[in-house]
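Nothing in this text is a laboratory measurement; each read-out follows from the coordinates by a stated rule. Please read all numbers here as calculations on a predicted model, not as lab measurements. All Cβ positions, glycine included, derive from the backbone under ideal geometry; neighbour counts span all protein chains shown.
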Amino acid sequence: MPAAMDESDVTRDPRDRLIIFDTTLRDGEQSPGAALNVNEKLEIAHAPEEMEVDALDAGFPISSPGDFRSVQRISREIRDCVVCGLTRANRKDIDVAAEAIRDAARPRIHTGLGVSDVHIRHKLRTTREGALERGVDAVRYSRRFVDDVQYYTEDAGRAEPEYLYQVLEAVIKAGATVVNIPDTTGYSTPAEFGALIRGIKENVPNIDKAVIAVHCHDDLGMATANTLAAILSGARQAEVTINGIGERAGNSSMEEVVMAIKTRQDVFGLHSNINTRHFYPISRLVSNLTGIPVQPNKAIVGANAFAHSSGIHQDGVLKERTTYEIINPRDVGVPDSEIILSARSGRAGLRHRLADLGYILAGDQFEKVYERFLTVADKKKTVDTRDLEAIVADEAQMFFQETYHLEQIQITCGNFSIPTATVRIRGPDGQLHCDADHGTGPVDALYRAINRVIGEPNELIEFSIQAVTEGIDAVGRVTIRIQASEPVKENGVERRVFSGHGADNDIITAAARAYMFALNRLIAARREAVQ
């Protein structure tokens, strides 16, 4: 068993500090279509560590061999925060989680059961007494492996309070150091949820022996409000995700919760350890890797969060920023001034602007981005922040080996011609392959031509286009999902759906880049599966 943690541990924090528990890699990844491979999870895991998150919800180790390996590698590489493995309240789950987090500098097991009658009767098919007994046993068993045990009371927002108090008292007595009060279905209102936390503090005799955590979902659009109400009532750990992603409608948003307590010190009187200047870069990283776009009007990190279109607003902000901005954009990593980039900008100017945005690229990665930047700059008068983010996401963030490289495309289409596409692709043998096909439209013809060269059976199941910037010369971003003809085992998990993204001023070129990205990812997964 690891040595007992000292007074600086997150379960022993002063009352004026809010503990931030990041569940982006666990609950956030449960967003439909957001599956990540091991390398992508590690890339995301290092970002919260750099911004000084207190605890990282690394995953659910028993759910799959791939998830086990992800949690294990995160535990070995992340050293500056608690690494947590989720389990159900049974010994097999706990054994697997304990093994996955064994090498963590600060390991935590997160176990628990439902406490609402609907969960106890219909999901667990037991009684209140039976559920309580299983929960206490899970905590005691977890303490054999770690000193830090978190217990979740699933669906606490709909539980009978007296039973909830009884469960909390028992699991704390059994050794739980953190008790998690989730609004699992997003059912509660802020007034109700705040009252629930106050009731716990007043009616659980040993509650001072554990930290009260809250985990809120956004089904009714109140996750962040409920989290803040709970904090005002005495909760001291907020379970949150970057961009608010998560199961169904999502979770409480980390950036919203942290900036609320930072901006309204007069109300909350709390602080966190979070370096908030990382919010904007990590928001874009999570969005790019999960394929889930950030809505433009998203608080704190949305494209419009610090944009002013009204003449009255513009006049006020130019005279004094605080007339219409309660947060300094630099405090969340959004630059409030830009170097205007054009085709005449050199490498030094581009590197400086990328560094301002949080991108430190080396060697070949920077050269690939620079070449794409010149191509875009030749087509636009200026290249702005979102153009650069799209270019970096397209060129620098590939976590698998590219097997086929698209060299050139040519499209013929129109209302009196048959859409035809010709492609030139460099294969794994270094040879150039050229082929052509026709289709119902230019993208269909293009994809058919690519398929003739690569020959990887798949079905296109989703295709979306999004303008990255405004204007007729805007960079367009294409996101697609393809389904393999048969399941492919990637990181121990059988998958059939693979996503791809591409960005370019020419939307047909962006579509080609997205398709090649998805195909190369599928081919890489198939190659890994046979090794």
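A few notes on this one:
- Residue exposure sequence - Leu228, Leu270, Leu374 - by fewest surrounding Cβ within 10 Å: Leu374, Leu270, Leu228
- The chain: calculated mean residue ellipticity at 222 nm from DSSP helix runs of at least 4, using -39500 (n - 2.57): -11500 deg cm²/dmol
- Restricting attention to the chain, lysine pairs at least eight places apart or on different chains and with alpha-carbon atoms under 23 angstrom apart total 10.
- Gain upon complete extension [Glu320, Lys123; 0.36 nm per residue less C-alpha separation]: 65.3 nm
- Between helix 385-395 and the chain there is an angle of about 80 degrees, using the helix long axis and the longest principal axis of the Cα atoms.
- Alpha carbon Rg of the chain, scaled by the compact-globule rule 2.2 N^0.38 Å: 1.05
- Note on segment 60-185: Cα-Cα pairs beyond 19 Å make up 46% of the total pair count.
- Averaging the Cα positions of each part gives two centres, and for segment 129-164 and segment 420-490 these lie 49 Å apart.
- Straightening the chain between Asn297 and Ile418 buys 39.5 nm, computed as 0.36 nm per residue apart minus the Cα-Cα spacing.
- Remark: the His438-Asp103 segment gains 115.1 nm on full extension, using 0.36 nm per residue and subtracting the alpha carbon distance.
- Dimensions in Å of segment 16-290 - Rg and Dmax from alpha carbons: 17.1, 48
- Shape analysis of segment 150-296 based on the Cα gyration tensor places the equivalent ellipsoid semi-axes at 27, 17, 14 Å, largest first.
- Chymotrypsin sites (Phe, Trp or Tyr not before Pro) within segment 413-473: DSSP coil, no more than 13 neighbouring Cβ in 10 Å: Phe416
- A Förster radius of 60 Å combined with the Cβ-Cβ distance from Asp429 to Glu162 puts the calculated FRET efficiency at roughly 0.25.
- Glu50 versus Phe268: modelled label distance in nm, points set 7 Å from Cα along the beta carbon direction: 2.3
- Spacing of the two label points (7 Å from each Cα toward its C-beta) at Ser485 and Leu220, in nm: 5.0
- Each residue, Asp80 and Leu374, gets one label point 7 Å from its Cα in the Cβ direction; the gap between the two is 3.7 nm.
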